[in-house]
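Report on the structure given below.
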Amino acid sequence: MSPKRKTKSKSRQAAPPPPPPPPENLSELWAFFGRNRAGLIGFGLSLLQLCIHASWIGFATWLDSTGQTQQLDGDSWQMWVVASLLILGTLATAVSLFLCLYGTLRGYPKLLAGMGLCISFFVGTVTMFVLVLNMSSGGA
């Protein structure tokens, strides 16, 4: 059709709203990231699961370096601590992955949700890779 018609349809389209100004203080920053509650909670859980995985890996490494792993049995409190931390870390990873993925797909702003998704995915992947390598090499 005629080019005039195309320009009319372009002029009818509304201009996108201007982006909001960046947050200037901590309360505005908290309110800004709080708009994507799933992403914020998922990011917090990804940091929590990072700490949980670091603690059980560190505790197991300390047990091995001090030579206490030779006298451990299935009912010792050290084994229960490691197993409990491993289960808690796995649950935190799964919930964090779900919330961060939901926050990345549905919410705005996506920054914390995307960072939490990366942290949860890569920490969970590295942890599983270490466990599989340890089990395949004959370790506990």
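The values are calculated or read from the model by the stated rules, or taken from the named source; none is laboratory data. This one's a predicted model, so the numbers in the text were calculated from it and none came from an experiment. No Cβ is skipped: glycine too gets one built from the backbone with ideal geometry, and neighbour counts run over all protein chains shown.
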Handout entry: Residue list for the stretch 25-62, filter: over 19 Å from the mean Cα position of the chain (by Cα) and either polar (S, T, N, Q) or closer than 30 Å to W80 by Cα (or both)
Key = N25, S27, G58, F59, A60, T61, W62
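So which of S84, S46, S9, S55 is at pLDDT 90 or above and more than 21 Å from C118 (Cα to Cα)?
Residue meeting the stated conditions: S84.
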Handout entry: Residues of the stretch 12-39 satisfying the condition of being at pLDDT 85 or above, surrounded by fewer than 10 Cβ atoms within 10 Å (Cβ to Cβ) and among the hydrophobic types (A, V, I, L, M, F, W, C)
Key = L26
Completion exercise
Listed by first then second residue, the pairs whose first member lies in the stretch 69-85 and is over 20 Å from Q49 (Cα atoms), whose partner is not in a helix (DSSP H, G or I), with beta carbons under 8 Å and at least 6 positions apart or on separate chains, are T69/A140
Problem - Subset of the stretch 91-129 that is under 21 Å from T61 (Cα atoms) and without any contact (Cβ under 8 Å) to a residue 40 or more places away in the chain - its residue that is nearest to the chain's Cα centre (by Cα) - result: F122
